[in-house]
1. Taking the Cβ of residue 78 as the centre, find all other residues whose Cβ is under 13 Å away and add up their charges (Lys, Arg: +1; Asp, Glu: -1).
2. Just want the ordering: 102, 47, from fewest to most Cβ atoms lying within 10 Å of their own Cβ.
3. Can you work out the base-10 log of I(q)/I(0) for segment 23-116 at q = 0.15, 0.24 1/Å, using the Debye formula on its C-alpha atoms alone?
4. What is the sum of charges around residue 32, taking Lys and Arg as +1, Asp and Glu as -1, for the other residues whose C-beta is under 14 Å from the C-beta of residue 32?
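Every read-out reported here was derived from the displayed coordinates using simple, explicitly stated rules and does not represent laboratory data. On a predicted model such as this, the values are computed, not experimentally measured, just so you know. Virtual Cβ from ideal backbone geometry, glycine too; neighbours counted across all protein chains shown.
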Amino acid sequence: MLLLIQACGNAESPQAASPDPKVKPSSCLEDLDLQRLDKALKHCNAVVVSHPDNPVPLTDRSLIHTLMGSDDEACADVSKATSLLTGKKTSKDPLLRHELAVRQQSCKQRATMAGNG
């Protein structure tokens with residue numbers, strides 16, 4: 001029982017972490033270890049919290065979610081990142097726009113296939 005309580009106490013939601021202005025928005029995928037995706041997700045959650053109006057950490061976190069098989073969470077991040085990007089008049093990174101468009105299309109296709117199953 002103590003182990004269960006301790007495990008729950010260690011689980012942090014993205015909102016539970018405190019913002020750290022020294023964390024770069026593009027740091028989610030730095031030193032990514034595919035054997036430790038849980039650690040990468042925890043780090044990326046902190047990056048998202050530190051940069052709530054930046055679509056880059058959300059885009060990167062969507063990849064981590066995809067690698068973990070958490071497609072719903074990945075698509076939620078893609079949707080939010082797209083909304084943030086759409087809210088800006090111009091993007092300095094057309095590649096980011098394209099990447100999000102491709103991922104958003106994949107999410108739509110997945111949702112359509114799930115509806116037809």
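1. Cβ neighbours under 13 Å give a net charge of 0.
2. Lowest count first: 102, 47.
3. -0.56, -1.25
4. Working: positive: 36, 39, 42, 61; negative: 30, 31, 33, 38, 60.
Combined, the nearby Lys, Arg, Asp and Glu give -1.
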